[in-house]
Amino acid sequence: MIFEALLIGLFFILITKRRINDDISFSKVSLYCLLVGILLNICMMVFTKIDFGYLTYIFIEYYFYFHVISLILIALGMILNYKNPGLLIVGLGFILNVIPILFNKKMPVSESDLLKTADVYKYNLIAQGRSLSHGIFEDPIMYILSDIIPISTPYPMAKVISVGDIVISIGIVIYIFYISRRKV
């Protein structure tokens with residue numbers, strides 16, 4: 001949903017003849033939180049896809065903790081920029097996504113909604129328990145915040161999203177609107 005929100009925001013700028021402000025600023029603490037959270041997320045992707053021996057073992061064994069810490073750091077980095085309503089909303093969306101992960105050790109995904117996406121590879125990965133970040137649960141805690149909203153065909157990038165993903169996307173669009181101004 002992040003990619004789609006960026007496209008919507010940029011499309012908005014285009015049709016309203018606005019441009020991005022060049023005076024965008026983040027506090028040092030929020031920038032540090034964002035960078036560490038994003039870097040940790042990148043490390044999780046790299047070290048769980050490519051075998052780096054013991055380092056890969058550490059990232060797989062403690063994936064849950066790395067995942068939660070990275071999402072909380074990203075959320076904190078956004079929330080610390082509370083003067084920008086878009087970033088505050090993005091941060092709250094990340095918090096909404098962290099809640100079911102904390103209770104279930106992975107983001108719960110609705111099996112019936114996952115089947116609606118017709119993505120066999122993703123379904124098999126999650127259903128067989130091979131995904132480190134997502135899982136299908138009998139009765140997940142905080143189900144309402146889980147991935148339970150299917151976006152399927154004719155949409156080209158079928159997926160199941162959560163309320164937090166929608167909140168993040170809305171925040172991104174608001175942020176892009178906030179940092180843009182009319183062309184003079």
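Just so it is clear, none of the values below were taken in a lab; they were calculated from the coordinates. On a predicted model such as this, the values are computed, not experimentally measured, just so you know. Glycine also receives a Cβ, built like all others from the backbone with ideal geometry; neighbour counts cover every protein chain displayed.
Structural remarks
- Any hit, the range 128-151, residues being under 20 Å from the mean Cα position of the chain (by Cα), farther than 26 Å from THR48 by Cα and among the small types (Gly, Ala, Ser): no
- Scanning the range 131-153 for residues that are in a loop (DSSP other than H, G, I, E, B) and either in contact with a helix residue (DSSP H, G or I) (Cβ under 8 Å, 6 or more places away or on another chain) or surrounded by 16 or more Cβ atoms within 10 Å (Cβ to Cβ) (or both) turns up SER131, LEU132, SER133, ILE136, PHE137, PRO140, ILE141, MET142, SER146, ILE148, SER152.
- Some residue of the range 107-121 being in contact with a Phe, Trp or Tyr (Cβ under 6 Å, 6 or more places away or on another chain) and assigned to a helix (DSSP H, G or I): yes
- Summed over the range 33-51, residues that are surrounded by 14 or more Cβ atoms within 10 Å (Cβ to Cβ) and either over 15 Å from ILE168 (Cβ atoms) or of a type in the set (Phe, Trp, Tyr) (or both) total 8.
- Looking across the range 84-98, the residues that are of a type outside the set (Val, Ile, Thr) and either part of a helix (DSSP H, G or I) or buried (at least 20 other Cβ atoms within 10 Å of the Cβ) (or both) come down to PRO85, GLY86, LEU87, LEU88, GLY91, LEU92, GLY93, PHE94, LEU96, ASN97.
Residue-wise test of (1) farther than 25 Å from SER146 by Cβ; (2) of a type in the set (Val, Ile, Thr).
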| residue | (1), (2) |
| --- | --- |
| THR56 | yes, yes |
| PHE59 | no, no |
| PHE66 | no, no |
| GLY86 | no, no |
| ILE95 | no, yes |
| PRO100 | no, no |
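- Among residues of the range 47-68 being free of Cβ contacts under 8 Å to residues at least 12 places away in the same chain and assigned to a helix (DSSP H, G or I), the one that is farthest from the chain's Cα centre (by Cα) is TYR54.
- First in the range 144-166 and closer than 19 Å to ILE89 by Cα, second anywhere and among the aromatic types (Phe, Trp, Tyr) and part of a helix (DSSP H, G or I), Cβ under 7 Å, 6 or more apart: GLY164/PHE94
- ILE101, sole failed condition from (1) touching a strand residue (DSSP E or B) at 6+ places or on another chain (Cβ under 8 Å); (2) surrounded by fewer than 21 Cβ atoms within 10 Å (Cβ to Cβ); (3) under 26 Å from SER152 (Cβ atoms): (2)
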